[in-house]
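Encoded as structure tokens, the structure appears first; notes follow it.
The values are calculated or read from the model by the stated rules, or taken from the named source; none is laboratory data. Every value quoted in this text rests on a predicted model; they were computed, and no experiment measured them. In this analysis, Cβ positions are derived from the backbone assuming ideal geometry, glycine residues included, and neighbour counts consider all displayed protein chains. With ligands, DNA and RNA removed, areas are computed over all heavy atoms of the protein, side chains included. Shrake-Rupley method; radii C 1.70, N 1.55, O 1.52, S 1.80 Å.
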Number of protein chains: 2
Amino acid sequence: MSEQQQQENAAAAAVSNGDQQQQQNGADNNKEKEVTENGTTGESAEPVAEAENEAPKKEMRAVVLTGFGGLKSVKILKKPEPALNEGEILIRVKACGLNFQDLMVRQGAIDSPPKCPFILGFECAGDVEQIGEGVEDFQVGDQVVALPEYRAWAELVAVPAKYVYKLPKGLSYLDAVTITMNYTVAYILLFEISSLSQGKSILVHSVGGGVGQAVVQLAKTVKDVTIFGICSKGKHEALKEANAPVDHLLEKGSDYVSEIRKISPEGVDIVLDCLCGEECNKGYNLLKPMGKYLLYGTSNVVTGETKGFFSAARCWWQVDKVSPLKLFDENKSLAGFNLRHFMYLQNGAGHVKRTVDKVFQLFQEGKIKPLLDSTWALEDVAEAMQKMHDRKNVGKIILDPSMEPKPKPATPAKGKDKKKQSSEEKKDNDEKKEEKKEEKKEKEEEKKEEKKEKEEKKPEAPAAAATNGAGEPAAEEADAKEKESSS
Amino acid sequence: MSEQQQQENAAAAAVSNGDQQQQQNGADNNKEKEVTENGTTGESAEPVAEAENEAPKKEMRAVVLTGFGGLKSVKILKKPEPALNEGEILIRVKACGLNFQDLMVRQGAIDSPPKCPFILGFECAGDVEQIGEGVEDFQVGDQVVALPEYRAWAELVAVPAKYVYKLPKGLSYLDAVTITMNYTVAYILLFEISSLSQGKSILVHSVGGGVGQAVVQLAKTVKDVTIFGICSKGKHEALKEANAPVDHLLEKGSDYVSEIRKISPEGVDIVLDCLCGEECNKGYNLLKPMGKYLLYGTSNVVTGETKGFFSAARCWWQVDKVSPLKLFDENKSLAGFNLRHFMYLQNGAGHVKRTVDKVFQLFQEGKIKPLLDSTWALEDVAEAMQKMHDRKNVGKIILDPSMEPKPKPATPAKGKDKKKQSSEEKKDNDEKKEEKKEEKKEKEEEKKEEKKEKEEKKPEAPAAAATNGAGEPAAEEADAKEKESSS
């Protein structure tokens, strides 16, 4: 398939996904009612639950996506405990990592997403509860972290052993989900694809995010590396407080190309881009001779709460295709890295396992200091996702299945919690402006979606909490866990 | 400038260069007569020679390109000795390296070539004869190797100090020009761009050439590396004799993609392509996930003795442009390396100097074994170029200004020399067939050129020898130097 075709298909897929989404959202609303009415689930038609008629399985709580779209599609549901297949390990989950990829999955903004409903999540840590046939090197009781293809955000998950890594001494569950995916990606970007070496300069987009922070820490293990980091103005103070050694902090949405050229007229040696769209071309043009541009995400696809046709299409159409002859003339490299494709489609699990080992080694040498943003109950996943969507987090956002949900509107939270809430509600002005611009462009196509979005802006957690059957009385100390250092 | 434009311009340039070439060849023939008649040169209108009226400068022999085109345009002429400018080093040349790039320059098949006439050559070794103002770290008498931008093939050359490297102990002039450019390129390809590591597989085109052999030797310093090497069938025996540790020797022009897939169904980790054209797409498609394709030459442009419009255009048009999004989906990298651009246009001399140091270090550790194909007198440069054009060399072809030219037709060479001559004249059948195919396609455009080519197939060295004023009596032992190990 030619790339031209590929892009056209992708654009077409974006449209059809949009339609599908509408339909699914519709279907979903019905299902949701079903769920809240009968107290359990209308989701039991899922293959996993097929055996249910024979012998009623034990149930567990899980974060389920009931249809692609906004936060409303994310539900806490009771699901049958997973069956353990050959080569798999059953993990009792103690902590789940939230990654930007989860937002894209929720919106249906990734290629070949699974059929809804399904359990979300690509990262969790916990204890080995049971071992499938043919699994070696693991024992019941082992503390592990895993990168399964979906299904990580539940009390229990069965994961093929190739995606499971034993925790080294001293690495807690929280730290494990803080570093495993982010630092493994950062390690591969810096040391396996870009071959970072002494004296080089790097431009990192979304430097306040999980991978961004991992890149900064790992890059600074190499002598004389200069880091240009871009993120929204609102995060600059927090990053300085977190002692992130970014040499030049630049503002998202500013003319960062000119800013960088003022400091380094020749440009930079490495560009790490998780945004895509027009940033691709800007990044490529900023490269010095022998420079390397690396695309490892397409988060510019995510603008509103639900997938916008135009933001997705822009991400495809704005990106210039490059001839190898141009690279030959200019002495430049272009690369892409997609961990999900590599691990689950391209047989890369062994490679990733070796890299995880290196990351754990660096942790044990004290070269990695996990940066935790906040911990949330499964029931508060929507709020946690909104925080990441608003790019308000500095460091990792974690879900903890044992944590009690935040008190919901009837009992307003107090103290630190209250302050946090209000700062989240008060959107960063610049970001708001930017989003409005986007929305204007997409107005025609997304009018209906926007309407929905507005409705969703009102706290919706109570509804979710009501469905999960675990709506224990508000525990005011729950939030104390947030921001707590886990090591 | 968009790439589309760039390619169109390049194609247009290919056409206009073709015209230019015809004109220059015409002008050239006249000049040549002038030269042979007055015994010196009609070239003294060159800027270097401006001072001639004031005080007649000393002269030196040099390999001069009098116009872009076939072998006839390469002349041995008397030229004024070069003036030494600030920051330059004057080198008395003992050995010159012939690189494929020199063939492309002769044909005018490179971007922004200098104005004819000019002295050819990018690589030479010799003794420091004089030092310009402001030059540090060098002394008269130092043995050095240099990579100047043209002008290396002469008895004397003035080179900016940044392109000059002192020879380490034990490295002879011949070995120096055998390894410096080729191993520096190979080192950058393998260790700075592709980051070769244990267990990887590499596909190398033109594996019998100078860079090809350097790649093989350097790659084998890493554990468990598998090398797929492609070259014309005629070289396979010689490569086995030379003990080149190529794991899988494949035939040029064969369906090497299927051959490789049979051995390694997943493909290869690294593709090093100096050919361009359709090999780009084949190479890209052969990459495993996390694989890297690297274009470092466009020698497919060179088909006939003079530049063909169609071969040049094909090299541009056959190459698929790639979107960074495709690289993201497939986990692949694309890169280009052009030493000439890097050193002379992109301020890369410092970087290259550091890499040359690493190459010399490897030589001293015994990890590099220079592979010399043959040594030639300046007067025999046309024959040497023809050998490289026919891909008959295994290892480096060197010009030695102190060497006496081969006996010309009146006194047919004997022994080893005779055998060599005949094997060169007898073209490899497969190659001949391939060339005929090419020629058919280019027939319409190149009828005139082909005619010329046929004329040139007859030995033309005597004419060249007659022009250089150094046509000493045939020294039969001259060829003994050929194939002689220089260390």
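A few remarks follow.
- Lone unmet requirement of (1) modelled with pLDDT of 95 or more; (2) away from every other protein chain (no Cβ under 14 Å); (3) touching a Phe, Trp or Tyr at 6+ places or on another chain (Cβ under 8 Å) for residue A:368: (1)
For every residue, the table says whether it meets (1) surrounded by fewer than 23 Cβ atoms within 10 Å (Cβ to Cβ); (2) at the interface with chain A (Cβ under 7 Å from one of its Cβ atoms).
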residue: B:282; (1), (2): yes, no
residue: B:304; (1), (2): yes, no
residue: B:307; (1), (2): no, no
residue: B:312; (1), (2): no, no
residue: B:318; (1), (2): yes, no
residue: B:322; (1), (2): no, yes
residue: B:331; (1), (2): no, yes
residue: B:341; (1), (2): yes, yes
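- Hits in segment A:344-359 (condition: under 20 Å from the mean Cα position of the chain (by Cα) and facing chain B (nearest Cβ under 10 Å)): A:345, A:348
- Look at (1) over 19 Å from residue A:215 (Cα atoms); (2) surrounded by fewer than 24 Cβ atoms within 10 Å (Cβ to Cβ) and you find that residue A:275 fails only one, number (1).
- Single unsatisfied condition, residue B:124 versus (1) surrounded by fewer than 17 Cβ atoms within 10 Å (Cβ to Cβ); (2) touching a Lys or Arg at 6+ places or on another chain (Cβ under 9 Å): (1)
- Residues that are touching a helix residue (DSSP H, G or I) at 6+ places or on another chain (Cβ under 8 Å) and among the basic types (Lys, Arg) do not occur anywhere in segment B:111-126.
- Condition check for residue A:349: buried (at least 23 other Cβ atoms within 10 Å of the Cβ) and not polar (S, T, N, Q): no
- Failed condition for residue A:189, given (1) crowded, with 24+ Cβ neighbours inside 10 Å; (2) away from chain B (no Cβ under 13 Å): (2)
- Which listed residue, of B:161, B:146, is away from chain A (no Cβ under 14 Å), over 16 Å from the mean Cα position of the chain (by Cα) and crowded, with 18+ Cβ neighbours inside 10 Å: B:161
- Residues of segment A:106-120 satisfying the condition of being under 19 Å from residue A:301 (Cα atoms) and not in a loop (DSSP other than H, G, I, E, B): A:106, A:107
- Residue B:184 vs. criteria more than 13 Å from residue B:352 (Cβ to Cβ), hydroxyl-bearing (Ser, Thr, Tyr) and not in a loop (DSSP other than H, G, I, E, B): no
- Residue check, residue B:250 of a type in the set (A, V, I, L, M, F, W, C) and either at pLDDT below 95 or loosely packed, with under 13 Cβ neighbours inside 10 Å (or both): no
- Selection from segment B:52-85 of residues that are part of a loop (DSSP other than H, G, I, E, B), farther than 14 Å from residue B:157 by Cα and open to solvent by 50 Å² or more (accessible area, probe 1.4 Å): B:54, B:55, B:56, B:57
- Yes/no for residue B:292 being in contact (Cβ under 8 Å) with a residue 40 or more places away in the chain, of a type in the set (D, E, K, R) and within 14 Å of chain A (Cβ to nearest Cβ): yes
- As a summary of the residue check, residue B:326 satisfies the conditions (1) in contact with a His (Cβ under 7 Å, 6 or more places away or on another chain); (2) open to solvent by 20 Å² or more (accessible area, probe 1.4 Å) except for the one numbered (1).
- Of the residues making up segment A:258-277, just one is closer than 20 Å to residue A:300 by Cβ, of a type in the set (D, E, K, R) and within 12 Å of chain B (Cβ to nearest Cβ), namely A:273.
- Within segment B:196-210, considering residues that are open to solvent by less than 30 Å² (accessible area, probe 1.4 Å) and either within 21 Å of residue A:335 (Cβ to Cβ) or at pLDDT 95 or above (or both), the one nearest to the other protein chains (Cβ to nearest Cβ): B:196
- Evaluation of residue A:235 against (1) open to solvent by less than 30 Å² (accessible area, probe 1.4 Å); (2) closer than 25 Å to residue A:339 by Cα; (3) in contact (Cβ under 8 Å) with a residue 60 or more places away in the chain (one fails), failing number: (2)
- In the condition set (1) under 25 Å from residue A:187 (Cβ atoms); (2) of a type outside the set (Gly, Ala, Ser); (3) in contact with a helix residue (DSSP H, G or I) (Cβ under 9 Å, 6 or more places away or on another chain), residue A:347 is compliant with all but (3).
- The set of residues from segment A:364-393 being open to solvent by 30 Å² or more (accessible area, probe 1.4 Å), out of contact with any Ser or Thr (no Cβ under 6 Å at 6 or more places or on another chain) and under 12 Å from residue A:178 (Cβ atoms) comprises A:369, A:371.
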